[in-house]
Structure formats: C-alpha cells, structure tokens
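Below is one structure; the comments refer to it alone.
The values are calculated or read from the model by the stated rules, or taken from the named source; none is laboratory data. Computed from a predicted structure; not experimentally measured. Glycine also receives a Cβ, built like all others from the backbone with ideal geometry; neighbour counts cover every protein chain displayed.
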Amino acid sequence: MSEATSQLVLPLSVPLLLGATVEIAFVAYVLTSLPEPSRPTATLRKVIRGIPATVAGGLRLSGHDILIRRVLLSAGASGSALVTIELLTPGRAAALTGASEAGAVLFATLACAGFICSGVGSHLAPLVARRAGSGERAVLVSLSTSAGGLLLLGATAASTGVGSMLLGATGYGLVYLGLGAAGPSENDLLHRRVSSSARATALSVQSLALQLVGALTGLIIGVLPPGRLRWLLGGAALLAGALVWIRHGGIAPQTPAATSQPHAVSSAPSAVGSDPTRSNAGQ
C-alpha cells in the first residue's frame, strides 16, 4: 500500500483511516436517522453564561438526592481509576518489553483488549443487575470488580515474573470489565431518577465529576514516587466509589417526573457505550 500511494499511506495509517471511515459513517447515520426537534438559536455568550447555572443545577440535584450523589461520586472514582491506568500502563509496558517501541505495541494490544472487555461488561450489565437483585447492587459488584483489578495491578507493579505479568493482565481486563458493567446500571438509575428536563444537566455534571477527579488524580500521581503507591491510589479511589453503594438506609422513592418513558426494568439497565474513557451518552 505504501508503494501504491507513494508513501502517503503507511501500514500504521490503516487502522486510523479505518477508524475515520467508521466515524464518518456514524455521523452520517446520526444526521440522517436521528433528527433533532427545532430549538431556539443559542449564541456563544448564552452558552458560556449558562455554564455556572448548569453546574449549580447539577450540584443541587445531587444535594437533594442520595442516589444521584452516589452516581456522581462513583463517576469521580471511575475517572481516578481511568487516569491511573492510562498514565501508568504505557511506562509499565515499556519496562516489561525493554524497549519503547515494543512497549507501544503491547500497550496498543492492551488498549484494544480493554475496549473489548468494556463492551463485554456492558453486554453483561443486565445479567449482573438481575443476579445482584437491583441496579444499585449491580453497580456495587461491578465497581468492586474493577477496583479489585486495579489493586491487582498495584500488587504486581514491582514484579516482572510470568505469573505477575499474567495477574497484571487479568487485573487490567477486570478494570474495564467492571467499568463496562457499571456504566449501564448507573445511567439507567440516573435516567429513572431525573426528569427529562434535568437529565442533560445531570449527565453533564456526571461527566464533569469524572474529568475533574481524573485530572486531580493525574496531578497527585505526578508527585508520588514510582511503584505500587501510584496504582493503589486509583484502586483505593475506585473501591471508595464502590462502597458508597452499600445501602445503610433506603433510597428515597422515585419522583413521578422522573418516571416518564422508563426502560424495561430497573434491574436490567439499557446498554450504554461504556467506554470508560468513557464517553457519556446523553438521554
């Protein structure tokens, strides 16, 4: 292909070109199959001035509802875990292979495996919710699984044996498998809890919580010494995010406004793209 294109397209360019083709097809599908209703024209000034009100509205939602607060806290914990694994895995892969080039290939393979595990987790989310008995318990089980995987990565950070490598790879897969399984349950709970008029605000604040805590985690990792402690930081944050779903009391009943157009059942969340790096799907 390089010769046919006079070196304009290299072998490494092929995956990116295929990805761009898929994205173009996806955008074309959205534009043609998912028409939006007419909305008032929004200016840049109005959008910027509305940001503080949007954030404040989302914080008010979490302040008045323990379930929404749990969703936001677990989103922040997921952000911490994702930043931890994405910052530290490339260096660990290079150290294991002994060369940055080989490490990059290994990291690319792991990243691909992570997306597959995330997709499998999303597919299994309804089953996990049914087995766990509720959406809240499903999030607890899923995030605990993910936290266990990250702690396993931390426990094997200083080892280079074959067994440690296999345990580390297993932990890596568990992180994304658990996050993938937790995402649909969290979004289903949020969808049922928040009225349609406030749902976009809640999703925006959820995304903001993930990114802010992730950024803070990255800063903290930068000042920690190399070794297990960096990994354990993300694992501990994710475990804390899982533990907030342990019910010490009943969750307040749903408001009628939040129950319009519900999904099938509470214990069987709708599948949502759980890319942990996760993109957030608006309702």
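List of remarks:
- Restricting attention to the range 70-103 and to residues that are of a type in the set (D, E, K, R) and touching a residue at least 40 places away in the same chain (Cβ under 8 Å), the residue that is nearest to Gly149 (Cα to Cα) turns out to be Glu86.
- Here Gly183, Gly103, Gly135 are screened, and the one residue that is at pLDDT below 90 and under 29 Å from Gly57 (Cβ atoms) is Gly135.
- For the range 80-93, the condition holds for at least one residue, the condition being that it is in contact with a Ser or Thr (Cβ under 8 Å, 6 or more places away or on another chain) and among the acidic types (Asp, Glu).
- Set Leu189, Leu208: member being at pLDDT below 95, of a type in the set (A, V, I, L, M), within 20 Å of Ala138 (Cα to Cα) and over 11 Å from the mean Cα position of the chain (by Cα): Leu189
- Residue match in the range 171-193 (condition: under 26 Å from Leu110 (Cα atoms) and surrounded by fewer than 17 Cβ atoms within 10 Å (Cβ to Cβ)): no
- Neighbours by Cβ (under 9 Å, 6+ apart or cross-chain): first from the range 159-183, touching a residue at least 24 places away in the same chain (Cβ under 8 Å) and part of a loop (DSSP other than H, G, I, E, B); second surrounded by fewer than 17 Cβ atoms within 10 Å (Cβ to Cβ) and aliphatic (A, V, I, L, M): Thr160/Ala95; Thr160/Leu96
So that you can scan it fast, the table gives a plain yes or no per residue for (1) within 29 Å of Leu243 (Cβ to Cβ); (2) crowded, with 18+ Cβ neighbours inside 10 Å; (3) under 21 Å from the mean Cα position of the chain (by Cα); (4) of a type outside the set (A, V, I, L, M):
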{"position": "Leu88", "(1), (2), (3), (4)": "yes, yes, yes, no"}
{"position": "Val120", "(1), (2), (3), (4)": "yes, no, yes, no"}
{"position": "Ala129", "(1), (2), (3), (4)": "yes, yes, yes, no"}
{"position": "Gly135", "(1), (2), (3), (4)": "yes, yes, yes, yes"}
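Let's see how each residue does on (1) in a helix (DSSP H, G or I); (2) surrounded by fewer than 14 Cβ atoms within 10 Å (Cβ to Cβ); (3) modelled with pLDDT under 90:
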residue	(1), (2), (3)
Lys46	yes, yes, yes
Pro52	yes, yes, yes
Ala56	yes, yes, yes
Arg70	yes, no, no
Ala75	yes, no, no
Ser80	yes, no, no
Val83	yes, no, no
Ala94	yes, no, yes
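- Selected residue [in contact with an Asp or Glu (Cβ under 8 Å, 6 or more places away or on another chain) and not acidic (Asp, Glu)] from Leu96, Leu67: Leu67
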